[in-house]
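The values are calculated or read from the model by the stated rules, or taken from the named source; none is laboratory data. In this text the structure is predicted, and so the values were computed from the model without any measurement. So basically every Cβ, Gly included, is an ideal-geometry build from the backbone, and we count neighbours across all protein chains shown.
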């Protein structure tokens, strides 16, 4: 990694059925369409729905030597178990996007970590489908980090979603935008 080049390691985690793997695919596709180097490595629990799911995404300006993320720059967690497992690995000056709909405790992290508590499930329900909570969280991440705009993810959605789910493109688009709006308006917790 060269100091002047962009390099971001992200872990996205939750339980199976929350769209964790899809979130990683959308993020990776968005970065590729923006001309970045990308690695994407998903991991499923023994049983997909309800088991643990995570994926590691690295986005960079230069070729990436290893796809494994040990200490992420950013963490998107959709449930408390994922926060407990991956939170301690987050870099001291990292970004945590957490689904406050399912995480009701304040994370115990380094004081310099920026925490954005997004009620992703509630915002998704307002849109009409709790299954788009993952896109709400991704929109919040993209807005807060600023290296890829939420609208770029909207353009990547048709390439990632299976054709049989293309009827879900409008609600996923709105979820990305709603998450981005929430992050833009939300205060953040630093130095707890």
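Which residues, counting only those in region 166-176, are more than 20 Å from residue 32 (Cα to Cα) and under 20 Å from the mean Cα position of the chain (by Cα)?
Matches in region 166-176: 168, 170, 171, 174, 175.
Quickly run through region 53-88 and pick out the residues that are farther than 27 Å from residue 130 by Cβ, in contact with a helix residue (DSSP H, G or I) (Cβ under 6 Å, 6 or more places away or on another chain) and crowded, with 23+ Cβ neighbours inside 10 Å.
Answer for region 53-88, where residues must be farther than 27 Å from residue 130 by Cβ, in contact with a helix residue (DSSP H, G or I) (Cβ under 6 Å, 6 or more places away or on another chain) and crowded, with 23+ Cβ neighbours inside 10 Å: just 59.
For residue 115, all conditions in the list (1) at pLDDT 95 or above; (2) within 16 Å of the chain's Cα centre (by Cα) hold save one; what is the number of the exception?
(1)
Give all pairs with beta carbons closer than 8 Å in which a residue from region 106-123 that is over 19 Å from residue 182 (Cβ atoms) meets a residue that is not in a loop (DSSP other than H, G, I, E, B); count only pairs at least 6 apart in sequence or on separate chains.
108/87; 109/87; 109/88; 109/96; 109/115
Which of (1) over 18 Å from residue 10 (Cβ atoms); (2) in contact (Cβ under 8 Å) with a residue 60 or more places away in the chain does residue 129 not meet, given it meets every other one?
The number of the failed condition is (2).
Would a scan of region 89-96 turn up a residue that is part of a loop (DSSP other than H, G, I, E, B) and loosely packed, with under 14 Cβ neighbours inside 10 Å?
Yes, some residue in region 89-96 is part of a loop (DSSP other than H, G, I, E, B) and loosely packed, with under 14 Cβ neighbours inside 10 Å.
Among (1) surrounded by fewer than 21 Cβ atoms within 10 Å (Cβ to Cβ); (2) closer than 20 Å to residue 172 by Cβ; (3) modelled with pLDDT under 95, which single condition is residue 105 missing?
Unmet for residue 105, out of (1) surrounded by fewer than 21 Cβ atoms within 10 Å (Cβ to Cβ); (2) closer than 20 Å to residue 172 by Cβ; (3) modelled with pLDDT under 95: (2).
Please specify each residue of region 1-16 satisfying the condition of being in contact with a strand residue (DSSP E or B) (Cβ under 8 Å, 6 or more places away or on another chain) and in a loop (DSSP other than H, G, I, E, B).
In the first step, residues of region 1-16 are kept if they are in contact with a strand residue (DSSP E or B) (Cβ under 8 Å, 6 or more places away or on another chain); the result is 1, 5-16.
Answer for region 1-16, where residues must be in contact with a strand residue (DSSP E or B) (Cβ under 8 Å, 6 or more places away or on another chain) and in a loop (DSSP other than H, G, I, E, B): 1, 5, 6, 16.
So residue 156 fits all but one of (1) touching a residue at least 60 places away in the same chain (Cβ under 8 Å); (2) within 19 Å of residue 78 (Cα to Cα); what number is the exception?
Against the list (1) touching a residue at least 60 places away in the same chain (Cβ under 8 Å); (2) within 19 Å of residue 78 (Cα to Cα), residue 156 comes up short only on (2).
Please enumerate the residues belonging to region 128-146 that are out of contact with any strand residue (DSSP E or B) (no Cβ under 7 Å at 6 or more places or on another chain) and surrounded by fewer than 21 Cβ atoms within 10 Å (Cβ to Cβ).
128, 129, 130, 131, 146
Could you identify the single residue in 50, 24, 16 that is out of contact with any helix residue (DSSP H, G or I) (no Cβ under 8 Å at 6 or more places or on another chain) and modelled with pLDDT of 95 or more? Quick ask: steps written out before the conclusion?
Numbers: 50 fails: modelled with pLDDT of 95 or more; 16 fails: modelled with pLDDT of 95 or more.
The unique qualifying residue is 24.
So residue 192 fits all but one of (1) buried (at least 19 other Cβ atoms within 10 Å of the Cβ); (2) modelled with pLDDT under 90; (3) in contact with a strand residue (DSSP E or B) (Cβ under 8 Å, 6 or more places away or on another chain); what number is the exception?
(1)
Please give the number of the condition residue 30 fails out of (1) crowded, with 19+ Cβ neighbours inside 10 Å; (2) within 24 Å of residue 102 (Cα to Cα); (3) touching a helix residue (DSSP H, G or I) at 6+ places or on another chain (Cβ under 8 Å).
(2)
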